[in-house]
Amino acid sequence: QVQLVESGGGLVQAGGSLRLSCVASGRTFSSIPMGWSRQAPGKEREFVAAISWGGGSTYYVDSVKGRFTISRDNAKNTVFLQMNSLKPEDTAVYYCAGATSGSYYLRGSYNYWGQGTQVTVSS
């Protein structure tokens, strides 16, 4: 089992930045891929970014490429999502996720989820 706790959400103006953090406990963090998803009101959950267990490979959905950066610190059991040039359409609850099997870039590989942190971008 892996327990995930997100932090760093908040209210920011369009064009601003936020850095989300997710601390993991339980199963060996450094051996599993990690990712971030988001869900806006009335919309399906969207798989936003992912990183391989060693940190050498990353995935981003097209809408955040060039603006978001995922990284991890295995020594601190923490994964980050640096979000720059935020837009109102980035407003959502952001969820940290841990993979149990499969490829790091596939949404279906992820079965551990945090409780989420709200990100609100005002125009």
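The values are calculated or read from the model by the stated rules, or taken from the named source; none is laboratory data. These numbers were taken from a predicted model, which means no experiment stands behind them. Ideal geometry is used to build each Cβ from the backbone, glycine not excepted, and the neighbour counts take in all protein chains shown. Heads up: the accessible areas ignore ligands, DNA and RNA and are worked out on the full protein's heavy atoms, side chains in. Shrake-Rupley method; radii C 1.70, N 1.55, O 1.52, S 1.80 Å.
Do the conditions hold for residue 105, that is, is it in a loop (DSSP other than H, G, I, E, B), farther than 20 Å from residue 11 by Cβ, open to solvent by 50 Å² or more (accessible area, probe 1.4 Å) and touching a strand residue (DSSP E or B) at 6+ places or on another chain (Cβ under 7 Å)? Give the derivation first.
Details: in a loop (DSSP other than H, G, I, E, B): yes; farther than 20 Å from residue 11 by Cβ: yes; open to solvent by 50 Å² or more (accessible area, probe 1.4 Å): yes; touching a strand residue (DSSP E or B) at 6+ places or on another chain (Cβ under 7 Å): yes.
So residue 105 fits the description; yes.
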Could you please give the count of residues in the range 73-94 that are surrounded by fewer than 16 Cβ atoms within 10 Å (Cβ to Cβ) and assigned to a loop (DSSP other than H, G, I, E, B)? 3
Among the residues in the range 55-72, are any in a helix (DSSP H, G or I), crowded, with 20+ Cβ neighbours inside 10 Å and of a type outside the set (Lys, Arg)? yes
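Would you call residue 112 open to solvent by 20 Å² or more (accessible area, probe 1.4 Å), within 17 Å of residue 3 (Cα to Cα) and not in a helix (DSSP H, G or I)?
Values: open to solvent by 20 Å² or more (accessible area, probe 1.4 Å): yes; within 17 Å of residue 3 (Cα to Cα): yes; not in a helix (DSSP H, G or I): yes.
Taking the combined requirement at face value, the residue satisfies it.
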For residue 37, which of the numbered conditions (1) among the small types (Gly, Ala, Ser); (2) farther than 26 Å from residue 1 by Cβ; (3) open to solvent by less than 20 Å² (accessible area, probe 1.4 Å) fails to hold? (2)
If I ask for residues that are touching a residue at least 12 places away in the same chain (Cβ under 8 Å) and either among the charged types (D, E, K, R) or out of contact with any Phe, Trp or Tyr (no Cβ under 6 Å at 6 or more places or on another chain) (or both), which ones from the range 69-80 would you list? 69, 70, 72, 74, 76, 78, 79, 80
Residue 86 is checked against (1) of a type outside the set (Lys, Arg); (2) closer than 15 Å to residue 120 by Cβ; (3) free of Cβ contacts under 8 Å to residues at least 60 places away in the same chain and fails just one. What number does that condition carry? (3)
Among the residues of the range 39-55, is any over 18 Å from residue 116 (Cα atoms) and basic (Lys, Arg)? no
Taking the range 104-123 and keeping only residues that are free of Cβ contacts under 8 Å to residues at least 24 places away in the same chain and among the polar types (S, T, N, Q), one is left with 111
Which residues, taken from the range 1-52, are part of a strand (DSSP E or B), at pLDDT 95 or above and on the phi > 0 side of the Ramachandran plot? 10
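Taking the conditions exactly as written (closer than 16 Å to residue 7 by Cα and either of a type in the set (A, V, I, L, M, F, W, C) or within 14 Å of the chain's Cα centre (by Cα) (or both)), does residue 86 satisfy them or not? Give the steps one after another, and end with the answer.
Values: closer than 16 Å to residue 7 by Cα: no; either of a type in the set (A, V, I, L, M, F, W, C) or within 14 Å of the chain's Cα centre (by Cα) (or both): yes.
Here the answer is no, as residue 86 does not meet what is asked.
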